[in-house]
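The values are calculated or read from the model by the stated rules, or taken from the named source; none is laboratory data. Keep in mind it's a predicted model, so treat the numbers as computed, not measured. Cβ coordinates were reconstructed from backbone atoms using ideal geometry, including for glycine residues, and neighbour counts include every protein chain displayed. When the accessible area is computed, the model is the full protein with side chains, heavy atoms only, and any ligands, DNA or RNA have been set aside. Shrake-Rupley method; radii C 1.70, N 1.55, O 1.52, S 1.80 Å.
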Amino acid sequence: MCGVIGATGAQDPLEIILEGLHRLEYRGYDSAGVALVEGDRLWRVREADGTRSVAALEVLARGAPAGSRTGIGHTRWATHGRPSPENAHPHFDCTGGLALVHNGIIENHAELSAGLVERGHTLASETDSEVLVHLLEEELDQGLVEAVRRCLPRLRGSFSVAVVHAGEPELIVGARRATPLVLGVADGEGLVASDIPALLGRTRRLFALADDEVAEVRPGEVRVTTVEGRVVEPTALTVEWDLEAAQKAGCDDFMSKEMGEQPKAVADTLLDRRKADGTLVLDELRLRVEELAAVDKVVIVACGSSYHAALVAKYALEHWTRLPTEVDIASEFRYRDPVLDGRTLAVGVSQSGETLDTLQALREAKRQGAKAMVVSNVVDSSMAREADGVLYTRAGPEIGVASTKCHLAQIVALELLALTLAQHRGTRGRPEVTELFERLSELPGKVAETLGRRKEVDQVADALAGARDFFFLGRHVGFPVALEGALKLKEISYLRAEGYPAGELKHGPIALIEPGTVVVAVATRNPLWEKMLSNVEEVRSRGATVVLVADDGDEETARRADHVLWVPPVEPLLSPVVNVVPLQLLAYRLARALGHDVDRPRNLAKTVTVE
Ligand code: F6R
């Protein structure tokens, strides 16, 4: 996720900006930049040296002009356009007199940039962000504040921005929608940042900006107005956190923070994917419509949680597109002499885009002539560079080792891919694709609702304290949810947890069920729900403690359970996005109760670049 910072009125704004950028590094970033107002000109440096970019900026900044009182800085986590100095912020307008930093996604950037090019602007980057600085350039006749007010209504999507103008050297204008922006006032200094940690070393007089408000940040003062120009009192923030707590947004750990970010991860992954006429477009896919339409088989390769997301996608792909779909664990696929050809679409799923087994599996697919694409959370990762096409999940950096928000975003991205293929192959008509996209768009709200039930999940977890053996059961798309629930629990709590397709129980695993075994089953309504309940009866009668994930108000299911994890009902093929959430929360609570470090579980690494 990008980080934004700005300072005006300070003796040395550059020092404040660089320190703030360091404090934002924990969020993960791939490039960084700074712009300073110097007299009636702007000075800028940008670096795309991965996580060394801020340190590299410090070296470049030795050439900064002395005497500047105002500047803005940025750490970028690429979403539109690869990490490069040209794509790094701040972005300039055509005159070089305006500079902008942006966090978020401008959903209608393609349409806006087409208009700008027609009107003679030259866009110097591949980013969505740059369009705004050129729009502002066209509206500057009454100054920067008014320009921002005029442009905001033309933007769709999410943003927090800070802008400076060489003609107004002691002013930073900030604005936001759906992405936070914090204002700060210190002795003679006005400050702005995307996150509290960036400003904590400087001041504790902080204020929150609300959606579609415009902040004028000047030395020692901030003034907030609405888009219409009405003055509003900004909400003062009381911050009792130290730096570490602030980096975790006040949560106890990154896993908790990242679970809380899941609605946004899902919403951002869906942004920008549907044209006004209802057609789905996956811009960065780089595969032509004809290439997609010609595919006659899909092979998905992945590891761990990404593999579970791929398993969910198999159900959606086969149902919506009627394409035979194989899902393989990458480390098995690459050595099993798989059969592929030029009409096979090979999809690697990897949040890091660096997992060696998945990378090698994709290389094998390419070697056999298949079209290779990757679903990745990291722009320009090794897989993204090597594949023929890429689809990005936009979950932002995930720091907790156990994947949560990336997993949800992967499921959503793969379902988008399935719907897009269905559209190109004509296996689902426009009204059905539209309807399913609408259902996907409801998921952020349903995930948020489910996260809001955390206390109830905690109570269930507390009632299970002391249990050592867990089985997770599911059928259909509930099966990969069960696998993921078991993986989360074993990774962070070190308890024994197995995921099974419920229909397989009688073929062996049921021998292990005895009083004291906990069985967690996904029992939301789908065509196999009745069969699932029969499996639940089988384990109940053998003395298992039964925990059921059930649709709100489904008392018939609840009757069979010792404990219920309620979820809002969701269209069955999309339900894993919601149903996995209480299982993450359950694993989290059980692990914390055992005193484990959920962010850094033993023996595990976030990115696995060895076999
Ligand atoms: C589990 C987890 C791992 C990863 C796996 C693949 O919580 O995070 O199982 O899913 O190591 O990693 P990526 O997706 O980076 O290829």
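Below, the figures for the structure above:
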quantity: Charge-dipole axis of the chain as Lys and Arg at +1 and Asp and Glu at -1 on Cβ define it, positive-most pick from Ala88, Val312, Ala7; calculated: Val312
quantity: Solvent-accessible heavy-atom area per residue, rounded to whole Å², over the chain at 1.4 Å; calculated: 37
quantity: Potential lengthening between Arg468 and Ala593 on full extension [0.36 nm per residue; Cα-Cα distance subtracted]; calculated: 43.7 nm
quantity: Paramagnetic reach from Thr279 (point 7 Å along Cα→Cβ, amide N under 12 Å) across segment 422-453; calculated: 424
quantity: Length-normalised contact order for the chain - Cα pairs under 8 Å, 6+ apart - percent; calculated: 11
quantity: Sulfur and carbon atoms: percent of accessible area, segment 3-239 [1.4 Å]; calculated: 47
quantity: Extension gain, Glu438 back to Arg288 (0.36 nm per residue minus Cα-Cα distance, nm); calculated: 51.5 nm
quantity: R0 of 60 Å, Cβ-Cβ distance Arg322-Thr51: FRET efficiency to nearest 0.05; calculated: 0.85
quantity: Anisotropy class of segment 207-268 from Cα gyration tensor, a/c 1.5 cut; calculated: oblate
quantity: In sequence order, calculated HN-Hα J values of segment 61-68 (Karplus, 6.51, -1.76, 1.60; Hz; x Gly/Pro); calculated: 5, 4, x, 6, x, 7, x, 6
quantity: Pairwise label distance in nanometres, Glu138 with Leu243, each label 7 Å out on the Cα-Cβ vector; calculated: 4.3
quantity: Fraction of alpha-carbon pairs over 34 Å apart in the chain - percent; calculated: 45
quantity: Helical contribution to [θ] at 222 nm, DSSP H n ≥ 4, -39,500 (n - 2.57), averaged over the chain, rounded to 500; calculated: -10500 deg cm²/dmol
quantity: Total formal charge among the other residues, if their Cβ is under 10 angstrom from that of Leu340, Lys/Arg +1 and Asp/Glu -1; calculated: +2
quantity: For segment 246-441, radius of gyration divided by Kirkwood radius, i.e. Rg to Rh on alpha-carbons; calculated: 0.97
quantity: Accessible area of segment 246-441 belonging to carbon and sulfur atoms, whole % at 1.4 Å probe; calculated: 48
quantity: Glu111-Ile510 pseudo-label distance in nm [points 7 Å out on the Cα-to-Cβ vector]; calculated: 5.7
quantity: Sequence-separation-based contact order of segment 450-593, relative, with Cα cut under 8 Å and 6+ spacing, percent; calculated: 31
quantity: Pairwise FRET efficiency - Val232 versus Asp187, Cβ, R0 = 22 Å, nearest 0.05; calculated: 0.35
quantity: Packing rank of 240-249, 257-266, where each peptide gets the mean count of other beta carbons within 10 Å, highest leading; calculated: 257-266, 240-249
quantity: Carbon and sulfur %, accessible surface of segment 450-593 computed with the full protein complex present, 1.4 Å; calculated: 48
quantity: Gap separating the Cα centres of segment 394-443 and segment 50-93, nearest whole Å; calculated: 33
quantity: In nm, spacing of pseudo-spin labels at Arg385 and Lys297 (7 Å Cα→C-beta vector); calculated: 3.1
quantity: Protection proxy ranking, peptides 451-461, 402-412, average beta carbon neighbours within 10 Å, highest first; calculated: 402-412, 451-461
quantity: Mean separation of Cα contacts under 8 Å, 6 or more apart, over the residue count of segment 3-239: relative contact order %; calculated: 21
quantity: Zone residues, segment 502-519, relative to Asp562, backbone N less than 15 Å from point 7 Å out along Cα-to-Cβ; calculated: 513-519
quantity: Along principal axes, Cα extents of segment 389-517, largest first, whole Å; calculated: 51, 36, 28
quantity: FRET E, pair Glu555, Ala178, Förster distance 35 Å, beta-carbon r, rounded to 0.05; calculated: 0.40
quantity: Mean-position separation - Cα centroids, segment 271-297 and segment 194-242, in angstrom; calculated: 41
